[in-house]
Amino acid sequence: FTIAAKSVILATGGWQCDKEMCTKYIGRHADLSQAQCVPYLDGSGIKMGVEVGAQLSRSFGSFYGHPQPWPTSYLNGIDNIDGYENVENIDDVHVLYYGTTEHSIQGMGIYVNTQGKRFVNEGLGSSLVNQEVMQQPMARAYLILDEGVREIIRNTPFCNAAVVGGDRIDHMIELGMTVVQADSIEELGAKIVAETADGVSFNAANMIATVQEYNEAAKAGTAETLDVPHAGVVPATPLVTGPFYAIPVVGGIMATFGGLKINTDTQVISTAAEPIAGLYAIPGAAGGIMNGDYWCVMSGYSVLGRISGATATAYAQSLEA
Ligand SMILES: Cc1cc2nc3c(=O)[nH]c(=O)nc-3n(C[C@H](O)[C@H](O)[C@H](O)COP(=O)(O)OP(=O)(O)OC[C@H]3O[C@@H](n4cnc5c(N)ncnc54)[C@H](O)[C@@H]3O)c2cc1C
C-alpha cells in the first residue's frame, strides 16, 4: 500500500529477528541467538528509513536480553518443543535468569563456554553477562552450579521470590528444561558432552580445570584477582558439594539499542546530518539512546513517543495552515 501522509512516525521496534543484522552488528554467532520477543521485529522500519536517506545511530553493538536456557524457541512457540509441554506461560522459559546481580543464580556459579573456559565476571548484571555470552562460540555457555549454591538459592528470600518462586532449578526441571546433573565435576563434564552436544563440541577437561582454579581462588578469597575476575555482591562460593549442575544457555535479545539517528524532537536525521522533513522515529526503530548497559526502555521510549506524537502532529498542522 502507498499511504499519503504529511508526517510519518516509525514505531516498528528493533531488529533482533533479522539474523543477518544480528551477525553484522552484534557478533559472528549472533544469528544463533534467541530473539526474546514477538517474531516481527525485523528492522523493517529502520530499513525503510535508510532507503529515504536516514543515518544510522550509534549503539548497534550493545543490546538488552538475558542468557536463555536452550534448546528453546520464542519464535516457533513453546508448544512445538519436546519437553516444554508443561510450560504454560512463555515467560517461564526465560525468567529463570532474571534478577539483579546479588539475586540472580548466575552470580553464584560460574559460566564456561564450549571450550570449558570462563569468559565473564558472573557478578555483573544479567544483561551484561548476556552480552558476553553472545560473543562466545555458537553464542552458547554453560552455567555451572553445585548443591551448596542451590541451598543458598533456596534460603535466600530474594532468590526464591524474585520471579518464579521456589527453587529455580526444581522449577526448570519441572518444566522439562535441560539441567545436567552429576555427582562429581568429572561426571558432569562427561554428561554435558553426552546430553547437550547437539553438534557442538564441549571441552570437559578444560571445564574441570576451570572449576578447580575457581574453587581454589574462592576458598582463598582471591576470586576477584583471577584473569577473569569473579566479583559481585555475593562472595565467590567454591563449587564442591554434589550434586553438580550445568544449565546450557544461549545469548538472548529482548531489545536492540541501535536504530535510526534522531534528534531530541525525534526527527530522523539524514546522512547529510539534516532532519528529514516529516519523518520521525522512536526507539527501538530509532537508536543510540542507550549504549552498553540497559537502563530503561519503556519509560524512556514512552517519553520519546509522546514527543514524537506532538512534533509530528505540529508539523502536519503547519503544512495545513
Ligand atoms: C520479554 C521482554 C521483556 C521486556 N521487559 C522490559 C522491562 O521490564 N522494562 C522495559 O523498560 N523494557 C522491557 N522490554 C523492552 C520493551 O518492551 C521494548 O523495548 C519496547 O516495547 C519497544 O517498544 P516499541 O514500541 O519501539 O516496539 P514494540 O513494542 O516491539 O512494537 C513494534 C511493533 O511494530 C510492529 N512492526 C514491526 N515492523 C513492522 C512493519 N514493517 N509494519 C508494521 N508493523 C511493524 C511489530 O509487530 C510490533 O507490534 C522487554 C522486552 C521483551 C521482549
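Listed residues Leu239, Leu260, Leu319, Leu304; which is of a type outside the set (Gly, Ala, Ser) and more than 30 Å from Gln34 (Cα to Cα)? Walk me through how you get there before you give the answer.
Numbers: Leu239 fails: more than 30 Å from Gln34 (Cα to Cα); Leu260 fails: more than 30 Å from Gln34 (Cα to Cα); Leu304 fails: more than 30 Å from Gln34 (Cα to Cα).
None of the others qualify; the one that does is Leu319.
Within the stretch 248-256, is even one residue open to solvent by 20 Å² or more (accessible area, probe 1.4 Å) and not in a strand (DSSP E or B)? Yes, that holds for at least one residue. When the stretch 113-165 is filtered for residues that are farther than 22 Å from Val250 by Cβ, modelled with pLDDT of 85 or more and either open to solvent by 20 Å² or more (accessible area, probe 1.4 Å) or hydrophobic (A, V, I, L, M, F, W, C) (or both), the ones remaining, listed by number, are Glu147, Gly148. Determine whether the stretch 220-227 contains at least one residue that is open to solvent by less than 50 Å² (accessible area, probe 1.4 Å) and at pLDDT 75 or above. Yes - at least one qualifying residue is present in the stretch 220-227.
For the stretch 33-50, give me the residue count where each residue is out of contact with any Phe, Trp or Tyr (no Cβ under 9 Å at 6 or more places or on another chain) and open to solvent by 60 Å² or more (accessible area, probe 1.4 Å). Qualifying residue count, the stretch 33-50: 3.
Quick grid of which residues meet (1) farther than 30 Å from Gly109 by Cα; (2) among the hydrophobic types (A, V, I, L, M, F, W, C):
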residue	(1), (2)
Pro235	no, no
Ile247	no, yes
Gly252	no, no
Ala272	yes, yes
Gly284	yes, no
Gly287	yes, no
Ser302	yes, no
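Which one is modelled with the lowest pLDDT, of the residues in the stretch 23-45 that are more than 15 Å from the ligand (Cβ to nearest atom) and outside any loop (DSSP other than H, G, I, E, B)? I'd like the intermediate steps shown before the answer.
Applying the first criterion (more than 15 Å from the ligand (Cβ to nearest atom)) to the stretch 23-45 yields 23-32.
Narrowing further to those that are outside any loop (DSSP other than H, G, I, E, B): 23-25, 30-32.
Working: Thr23: 97, Lys24: 97, Tyr25: 97, Ala30: 95, Asp31: 92, Leu32: 89.
Once the filter is applied, the top-ranked residue is Leu32.
Within the stretch 304-320, can one find any residue that is touching a residue at least 12 places away in the same chain (Cβ under 8 Å), assigned to a loop (DSSP other than H, G, I, E, B), open to solvent by 20 Å² or more (accessible area, probe 1.4 Å) and touching a strand residue (DSSP E or B) at 6+ places or on another chain (Cβ under 8 Å)? No, every residue in the stretch 304-320 fails to be touching a residue at least 12 places away in the same chain (Cβ under 8 Å), assigned to a loop (DSSP other than H, G, I, E, B), open to solvent by 20 Å² or more (accessible area, probe 1.4 Å) and touching a strand residue (DSSP E or B) at 6+ places or on another chain (Cβ under 8 Å).
If you go through the stretch 280-303 and keep only what is more than 9 Å from the ligand (Cβ to nearest atom), open to solvent by 20 Å² or more (accessible area, probe 1.4 Å) and not in a loop (DSSP other than H, G, I, E, B), you end up with just Val303.
Within the stretch 254-265, the presence of at least one residue that is of a type in the set (Phe, Trp, Tyr) and either touching a residue at least 60 places away in the same chain (Cβ under 8 Å) or under 30 Å from Val200 (Cβ atoms) (or both) is confirmed. Open to solvent by 70 Å² or more (accessible area, probe 1.4 Å) and closer than 16 Å to Lys47 by Cβ: does that describe Thr271? Against the criterion (open to solvent by 70 Å² or more (accessible area, probe 1.4 Å) and closer than 16 Å to Lys47 by Cβ), Thr271 qualifies.
The values are calculated or read from the model by the stated rules, or taken from the named source; none is laboratory data. This structure is a prediction, so every number in the text was calculated from the model and none was measured. Every residue, glycine among them, receives a Cβ derived from its backbone with ideal geometry; neighbour counts consider all protein chains shown. Remember, those area values only see protein heavy atoms, side chains included, never the ligands or the DNA or RNA. Shrake-Rupley method; radii C 1.70, N 1.55, O 1.52, S 1.80 Å.
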